[in-house]
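Visitor: Mind having a look at this structure? Questions to follow.
The values are calculated or read from the model by the stated rules, or taken from the named source; none is laboratory data. Every value quoted in this text rests on a predicted model; they were computed, and no experiment measured them. Cβ placement follows ideal geometry from the backbone for every residue including glycine, while neighbour counts extend to all protein chains displayed.
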């Protein structure tokens, strides 16, 4: 038996070896399968990581670009444009499912997200056809300060239609609110280092009755106001034919005082302002027998303050205050754009610091020109050419003719125009050309100090000369806008609001 067992041992050993060899083959095959699977997973995950890394870089780049040029109307399209400039469509087969950029209320922080999937190659063996990828980014926009003045046309033509049932003045009010909501955000009443003022203008500007220290009281005491009182408008500080012309400078009252705007009682048949009388018809200019107090009807439609607009609003931080002032604007009078620009300049000029009172004094405004991280900006909106009404001929007693404005009556020729402001036939091209020249002079002085100017022509009643003037007044040609309709005006203020929002971001 021993011999038999001994003889069987080599054969059993061989069989056992053959059995173990089969098990090893299974183990090797399994190991190869696992190794190949692991390698496939690693390859697929590496591709996903490459996609995610590029996705994150592209999102950061889009965030930085959009953060410096954010538009409240096209943030989605801008985000998409910049993202795909750095992340080619279908990159490594990637499918993008969501891409968004969401600004906070005042556009100071932008949150960006992107999500998608990368198709797998080897992981499909295990039933996994794609790998999810995503990236997030947040851009904080550092705001610069801004002193902004809205120089708004309040002339009589602003009561005309701007298209549909909306008047120009209504369109201007709505568009100004759009602008302010872009700058402040729809829910904020204040934003750090943002101050806004308003200069309503017609053929005069109302400085408010509190600023009596700016007035030439010696002259003002000679005026016969009857039972009325000064509403706040002042005359232009013209200097005849000599220089300088103080009506287009930022010289403070200490250099030259202002005279109260005073439209005399006038019986001119076309432009009469008969505010004396013994009855409510104000039917003559006789002071005997008593006078009628014109302010019992309206302080600006008859009397010494004829066509004087509402007072200016010095720079304040509160959006609601500015919206309230804009909503109170009323159209009256002729158009003297140069006066609106001159007073906008004075509101921004450091030479007037300490004179305006209120929040401006509290915050030591206006700041110096070219102060670090501070912009000074004026937005001029007008619906027509500079205008004068009257003729160069003598009017009725007293010797006036035409419509009174901050430059007096046209036949008085305070503008010192050769040949007179208006002809005997009532054509006032000479005077209106001089007003254009003075508008450009005011704009040039402001731009020389670094003040940024936007100009808007509302409506279609502009001559090519006026369009050129407004274009030249603007800081850049692209800062001049034509707005023939209400809808267009909304778009214009939207663009300007976006532009100003971008200006406030440190590059």
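Visitor: Got a sec? Which of 491, 420 is part of a loop (DSSP other than H, G, I, E, B) and modelled with pLDDT under 95?
Guide: 420
Visitor: Which count do you get for residues in the stretch 144-166 that are under 16 Å from residue 488 (Cβ atoms) and surrounded by fewer than 19 Cβ atoms within 10 Å (Cβ to Cβ)?
Guide: Residues in the stretch 144-166 being under 16 Å from residue 488 (Cβ atoms) and surrounded by fewer than 19 Cβ atoms within 10 Å (Cβ to Cβ): 5 in total.
Visitor: Let me ask another. Just one of 182, 139 is buried (at least 20 other Cβ atoms within 10 Å of the Cβ) and farther than 23 Å from residue 381 by Cβ; which is it?
Guide: 139
Visitor: Would you check if there is a residue in the stretch 138-146 being more than 30 Å from residue 175 (Cα to Cα) and touching a helix residue (DSSP H, G or I) at 6+ places or on another chain (Cβ under 9 Å)?
Guide: yes
Visitor: Scan (1) out of contact with any helix residue (DSSP H, G or I) (no Cβ under 7 Å at 6 or more places or on another chain); (2) surrounded by fewer than 18 Cβ atoms within 10 Å (Cβ to Cβ) for the single condition residue 239 breaks and write down its number.
Guide: Status for residue 239: all satisfied but (1).
Visitor: Next question, about the same structure. Condition first: under 36 Å from the mean Cα position of the chain (by Cα), farther than 22 Å from residue 305 by Cβ and assigned to a loop (DSSP other than H, G, I, E, B). Now tell me which residues in the stretch 370-413 satisfy that.
Guide: Residues satisfying the conditions are 370, 371, 372, 373, 383, 384, 385.
Visitor: Every residue in the stretch 405-416 that is over 19 Å from residue 342 (Cβ atoms) and surrounded by 24 or more Cβ atoms within 10 Å (Cβ to Cβ), please.
Guide: Across the stretch 405-416, the qualifying residues are 409, 410.
Visitor: Go through the residues of the stretch 250-264 one by one and say whether even a single one is over 28 Å from residue 446 (Cβ atoms) and modelled with pLDDT under 90.
Guide: Yes, the stretch 250-264 contains a residue that is over 28 Å from residue 446 (Cβ atoms) and modelled with pLDDT under 90.
Visitor: So, one more: How many residues, within the stretch 182-218, are part of a loop (DSSP other than H, G, I, E, B) and either under 22 Å from residue 109 (Cα atoms) or outside the structural domain of residue 328 (by TED's automatic domain parsing) (or both)?
Guide: Residues flagged as part of a loop (DSSP other than H, G, I, E, B) and either under 22 Å from residue 109 (Cα atoms) or outside the structural domain of residue 328 (by TED's automatic domain parsing) (or both) within the stretch 182-218 amount to 9.
Visitor: Sticking with this structure for a sec: Applying the selection to the stretch 449-486, what residues are over 17 Å from residue 247 (Cβ atoms) and in a helix (DSSP H, G or I)?
Guide: Of everything in the stretch 449-486, those that are over 17 Å from residue 247 (Cβ atoms) and in a helix (DSSP H, G or I) turn out to be 464, 465, 466, 467, 468, 470, 471, 472, 477, 478, 479, 486.
Visitor: State whether one or more residues within the stretch 139-161 are in contact with a strand residue (DSSP E or B) (Cβ under 8 Å, 6 or more places away or on another chain), modelled with pLDDT under 90 and more than 30 Å from residue 66 (Cβ to Cβ).
Guide: Yes, that holds for at least one residue.
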